[in-house]
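Report on one structure; see the data block that follows.
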Amino acid sequence: MQKFTEKEILKMLKKFFGFTQFKGKQLEIIKALLAGKDCFVIMPTGGGKSLCYQLPALMCEGTAIIISPLIALMKNQVDALRTYSSEDGVAHFLNSSLSKAEINTVREDLLAGKTKLLYVAPESLTKVENVDFFKAINISFYAIDEAHCISEWGHDFRPEYRRIRDIITAIGKQVPVIALTATATPKVSADIQKNLSMDKAETFISSFNRPNLYYEIREKTKDIDKDIVKFIKSHPGKSGIVYCLSRKKVEEFAEFLQANKIRALPYHAGLDSKTRVENQDAFLMEKADVIVATIAFGMGIDKPDVRFVIHYDMPKSLEGYYQETGRAGRDDGEGLCVAFYDYKDLNKLEKFSTKKSVAEQEIVKQLLAETAAYAESTSCRRKHLLHYFGEQYKEENCGNCDNCLHPKPKMDAQDQIQLVLEIIQTIKQQFKADHIIDIIIGEKTTTITKFKHHQLKQFGEGQNYDTNFWSNVIRLAIFEGLIYKDVETYGLLKITLKGEKYMTNPYSIMVAKPKGEDDDDESDEVFIPKGEAMDDNPLYAMLKDLRKEISQKENLPTYVIFQDVSLEDMCIQYPTTMDEMSHISGVGAGKAQKYGKPFIELIKQYVEENDIIRPQDFVVKSPTNLSAINVYIIQNIDRMIAFEDIAMGKNLDMDELLTQIESIVSSGMKLNIDYYIEETIDPDHQEEILDYFANAESDSVDDALEELGEDEYTIEEIRIMRIKFLSDMGN
Ligand SMILES: [Zn+2]
C-alpha cells in the first residue's frame, strides 16, 4: 500500500468529506489500515464507523471490496459516496437486485480502474464467476461491515458470512482486511477474529457508554398497554420507537395507540415495501410521533432526536437490546429507554428454540439468561451493559438508570460471596450458577445427588435466602471480577486471580437486600402523566353534550344526572353494559338504570368507530351498597329510625353518617328520608333549599350555604335536603 502522512490523511478528509478533524479512534484505525495491517474495529452506532474504510478506499489505488449484509442500505451508501466524486463509477454495489446490463456496467468500471469502493453482499461474493472476476482486478483491501454476523453468538448470525475467509483466500490477493461492527461481546469478538483468521489484527474498541441514555426496566403487567399510553402522553410531541417481537403485536399495538389519539404507525418486514417506506418517511418527517416496530426497523435509520425507545417485549439478547436502545438520543440529548420485563416472555422464546440443534439451543438459552440477569439486576444497568461488552464502568452511581436513581436497600454480602467462592472451589469449578445455588439453598436435585453434593458441609448453608438473592450475589461477584462465566464451557463458573485473593483477604461488598427485609414499598413508582387533560378527549365532550341534552329535557341540573368524575371515569373505562356502567365511579345500579342507557349507547358506538381496545381489567369498584355499614344505614332509614340513633348504633358522628348517606345516594340508590326531614327541618327552609338546588350551577354545599345565608341555615340542613333532592330527582 502507499504511504501517507497524517497531514495528507487530514487533507483527504477535508477534500472528500468536508471535515477538519476525526472522531474518536478513526485516525488511528485509518493509519493502521493504510500501513497494511489487518484491523478489527468495534465502534458503537453513531461513532463514524464507515468512514474508517471509506476514506482509505478513496485514497488508495485499486478497489476496496466492502462486504455488507444490508442490501437495502448499499444503494444509499453508494449514492452518498458518489456525491464526493465527479465520477459516478467511484462506487458501485453488486447484489441480486441488479440486471445483467447493470452488472456489465459495474464490471467495465472496475476493469477500467474507476471504482474505489465496491459493495458486495456475501451471497454475491461467493459466486464462482465473481471470484474469477475479482482475481483479475486490483483490490486495495477488504472491509467486512456488520462483522458480528459471522458469529452465531451475535444477535444477527448469517451463515454465508462464515465463508468470507475462504473466498478471500481463493481470490488470492495479499491485502489487509478490516472487520467492523457496532456490537460485539468478548465472545463474539473472539469468534469473528478466529473465523477470519485475524488473530494478528490490531483491535480498536471504542467505549460503549452512552451517558445520555436513561435505562429502566419495569415489570410487565396486564396494564402494559395503558402504561405505555400514559408514558407517551406524558412526552407529547416527542419521537419514539416501541419495539415488539411479533408482527401481529406491532399491528395491534399501533392500532391501539392510534385509537388513543397517538400519532403512531406500524413497521415490520411483512408490510409491503411501499407502506414501509411511507411509514418510515412519516416518522422521519415527524408526521408520526411513534413507530411501533419489530427489530426490522432501525438498521440504518439515522433520526437524531428519538427521545424514547420502549421495549414492549424484552429482546432475545442484550446485544439486541443495546442496539435498539442505541437509537435513542443520537444527538446526545435525552434518550429514555424503558423495557417491560416478564420472565415468562423469555421462557416462551426458549421454548421456540427447541426446533434448533442442541448447540444452538444452548446459545439461545445463554443469551436469554443474560437478558434475564440484566432485567432482574438491582445494581447499575449501565455497569451491567458495559460489562457485557467487556468494558469496566468505574463509577459507583451512573445517575441515569432506575437502579442508581432509586436504589434498593443494601446489605454487606462479604460472607455470602465467600461462601459462593468456597463452594466453587470445593466442586473444582466444574458447575454452573444454578447448580451452585442448589447447593447453597439445599435443593436435593438429581444432579446434586449424583455428585453427592448434598454431603458437602456447605449444603443448605444459605437456605435463609432465596434463589433470587443468591443469583444476585453471584452476578455481583462476576461484576467485581471475582469469578467469571467460562463461555467455552457454556457458562461454568470459575474463580479469577482476584477471586482467589478475595478468599484470603475479603472485604465488604454491598448487595441489594432481598425483598421482605424491611420493605418500605415506595419503590413502585408509576408514570406520572403530565396533565392528562380530559378536555382534549372527544368522548368526554360528547358525554357532556349528551348530559346537557338530558338535563334540559328533564329540567334537571347536569350534575344530578352524572357528575363530572363519573363522565371522566367513563372515558377511562368505556362501560358498554349496564353492569359495567353501575361500576363507574359515582354511578350505582339505580342511576345506571335511570340514565345509563343513552350513555352506554354513545360509548359503544364510539368504541366501535375508533377501534378502542378497552382495558381488560374493568375496575370493579366494590359497589357502595354492599358494604355492611351501608346495608345497616339503608335498613334503618327504611324503618324510619332517627339519624341520631342510626349514627349512634355504628359509633358515627352526624358528619360521618351524612357522608355515608351521600355516597349511597350518589351511587344511584333511592332513599326516602322525608320522615326525618319533617321532624327536623323548617318547611320554609325545606322549600328554599330544594329551590336553590333545582337552579344551581353546582351541587356544592358551601356555595349553597353562602347563597342561602349562614345565619339562617346550617350545613347539616343543606346536606340533608341535598340528599333528598339528589335521591328524588336523580335516582
Ligand atoms: Zn446506573
Check Val587 against each of (1) surrounded by fewer than 19 Cβ atoms within 10 Å (Cβ to Cβ); (2) at pLDDT below 80 and name the one condition it does not meet. (1)
So Leu386, is it more than 18 Å from Tyr490 (Cα to Cα), free of Cβ contacts under 8 Å to residues at least 60 places away in the same chain, surrounded by fewer than 21 Cβ atoms within 10 Å (Cβ to Cβ) and of a type in the set (A, V, I, L, M): no
Before we move on, is Phe479 under 34 Å from the mean Cα position of the chain (by Cα) and touching a residue at least 60 places away in the same chain (Cβ under 8 Å)? yes
Out of Asp674, Asp711, Asp702, I need the residue that is surrounded by fewer than 19 Cβ atoms within 10 Å (Cβ to Cβ), closer than 28 Å to Arg639 by Cα and not assigned by TED's automatic domain parsing to the domain that holds Ala589. Which one? Asp674
In the range 404-431, anything closer than 20 Å to Tyr502 by Cα and under 30 Å from the mean Cα position of the chain (by Cα) is listed as Met411
Leading residue by the ranking (farthest from Lys49 (Cα to Cα)) among those in the range 285-337 that are of a type in the set (Phe, Trp, Tyr) and part of a loop (DSSP other than H, G, I, E, B): Tyr312
Among the numbered conditions (1) at pLDDT 90 or above; (2) in contact with a His (Cβ under 7 Å, 6 or more places away or on another chain), tell me where Ile310 comes up short. (2)
Residue count for the range 26-45, restricted to those that are at pLDDT 90 or above, surrounded by fewer than 21 Cβ atoms within 10 Å (Cβ to Cβ) and assigned to a loop (DSSP other than H, G, I, E, B): 3
Go through Ala359, Ala413, Ala373 for me and flag whichever is among the small types (Gly, Ala, Ser) and surrounded by fewer than 17 Cβ atoms within 10 Å (Cβ to Cβ). Ala359
Any chance you could count how many residues in the range 187-243 are assigned to a loop (DSSP other than H, G, I, E, B), away from the ligand (no atom under 16 Å from the Cβ) and surrounded by 21 or more Cβ atoms within 10 Å (Cβ to Cβ)? 2
Answer yes if at least one residue in the range 349-356 is under 20 Å from the mean Cα position of the chain (by Cα) and within 14 Å of the ligand (Cβ to nearest atom), and no otherwise. no
Identify, please: which residue in the range 383-394 is within 15 Å of Tyr321 (Cα to Cα) and in contact with a helix residue (DSSP H, G or I) (Cβ under 8 Å, 6 or more places away or on another chain) and is, among those, nearest to the ligand (Cβ to nearest atom)? Lys383
Taking interchain pairs and intrachain pairs at least six residues apart, which have beta carbon atoms under 8 angstrom, with the first residue in the range 64-79 and within 19 Å of Ile171 (Cβ to Cβ) and the second assigned to a helix (DSSP H, G or I) and β-branched (Val, Ile, Thr)? Ile67/Ile164
When Trp153 is run through (1) touching a residue at least 40 places away in the same chain (Cβ under 8 Å); (2) over 34 Å from the mean Cα position of the chain (by Cα), the failure sits at (2)
Somewhere in the range 78-89, is a residue among the hydrophobic types (A, V, I, L, M, F, W, C), buried (at least 17 other Cβ atoms within 10 Å of the Cβ) and farther than 20 Å from Lys11 by Cα? yes
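The values are calculated or read from the model by the stated rules, or taken from the named source; none is laboratory data. Predicted model, so just to flag it, every value in this text is computed and none were measured. Neighbour counts run over all protein chains shown; Cβ positions are idealised from the backbone, glycine included.
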